[in-house]
Ligand code: DAH
């Protein structure tokens, strides 16, 4: 191989080397002592015809210098450090923190609590795991009565259920205290319902209970009227429709005048001008007996409402599943 061939090959090898290890391999191949290609050429010089010795020796040495320079340059380039990061500027404003906010259901619950607490109600809590006694029997729902179907729930073990309403909290409070009582019990409840836009197997209710010596249906009407106006707007009207609940007698379902069409009839109220919002009634004497209150001495009222329903009505939400899907694009709007 003559020097010119070695040069071409060396330049090609050099152009392919992309790591320092590969560069070292090229260096050894061409510039290595004794075994390197150029040293071999130089070693062969004394055996050449005298007129060639000078030229071959010179070009071999020139190539040695050139390759040494090119290899050094290539190595420098590879090991060059990235440019130093710009120094931070402590006078710039910091990154904005994205703050979360209160879930719409919690907002709604708090609003209900706030309205009733101004009427003297105290917030109390009860367990989500209940016994059949508190969820049913103490509320005058016997095992063989058809009304038990409306409050059916999940059984954890015989006699132990996930509460299907917040009404058992009424019983727990009355068992542990004496009248006068004004309590509000918010919380989760469970029903074996198939999920769709209007049903969920877990949802929230707020229960209200007032017991005293002369609590009347007029007190119930007045307080629910105040609640409806505070929650749905000052022009809201209410109406009571006779109904049945095992734990109240008489019982009533309460409608509010449609706050969207002001009672004229629209899609929200299905044309009727009224929207059902809660169940209520005077505490059944059988419930007082179950907790050891004298039904001749005490009277009381109770009511229960669905938090999801209140929230959906108020904000025009048409699918109950948005509350549990945790999609911040939806939740951040409330
Ligand atoms: N517990 C009932 C339900 O889940 C709601 C209810 C109705 C509660 C009437 C009450 C009441 O306290 O008086 O459907």
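With labels modelled as points extended 7 Å from the Cα through the Cβ direction, what inter-label distance (nm, one decimal) is found for residue 117 paired with residue 202?
Going by the 7 Å Cα→Cβ label model, 2.5 nm.
Sort 105-116, 193-204, 322-333 by the packing proxy (mean of other Cβ within 10 Å over each peptide's residues), most packed first.
Top of the packing list down: 105-116, 193-204, 322-333.
If you average the C-alpha positions of region 281-334 and of region 63-110 separately, how far apart do those two centres end up, in angstrom?
53 Å
With an 8 Å Cα cut-off and a minimum separation of 6 or more residues, compute the relative contact order for the chain in percent.
Answer for the chain is 14 percent.
Residue separation times 0.36 nm, minus the C-alpha to C-alpha distance between residue 69 and residue 39: what's the value?
Value of the extension gain: 9.1 nm.
When the label point is put 7 Å from the Cα of residue 286 along its Cα-to-beta-carbon vector, which residues of region 144-163 have a backbone N closer than 18 Å?
Answer for region 144-163: 144-152.
With r as the distance between the Cβ atoms of residue 149 and residue 107 and R0 = 41 Å, compute the FRET efficiency 1/(1 + (r/R0)^6) and round to 0.05.
0.80
Using a basic spin-label model with each label point 7 Å from the Cα along Cα→Cβ, how many nm lie between residue 2 and residue 329?
About 7.4 nm separates the two model spin labels.
Between the alpha-carbon centers of region 191-268 and region 119-181, tell me the distance in whole angstrom.
About 19 Å separates the Cα centre of region 191-268 from the one of region 119-181.
Taking 0.36 nm per residue of separation and subtracting the Cα-Cα distance, what length does fully extending residue 91 through residue 125 add?
7.3 nm
With label points built 7 Å along Cα→Cβ from the Cα atoms of residue 178 and residue 315, find their separation and express it in nm.
Simple spin-label model gives 4.4 nm for this pair.
None of the figures in this text is laboratory data; all of them are computed from the coordinates on show. What you are looking at is a predicted structure, and each value in this text was computed from that prediction instead of being measured. Ideal geometry is used to build each Cβ from the backbone, glycine not excepted, and the neighbour counts take in all protein chains shown.
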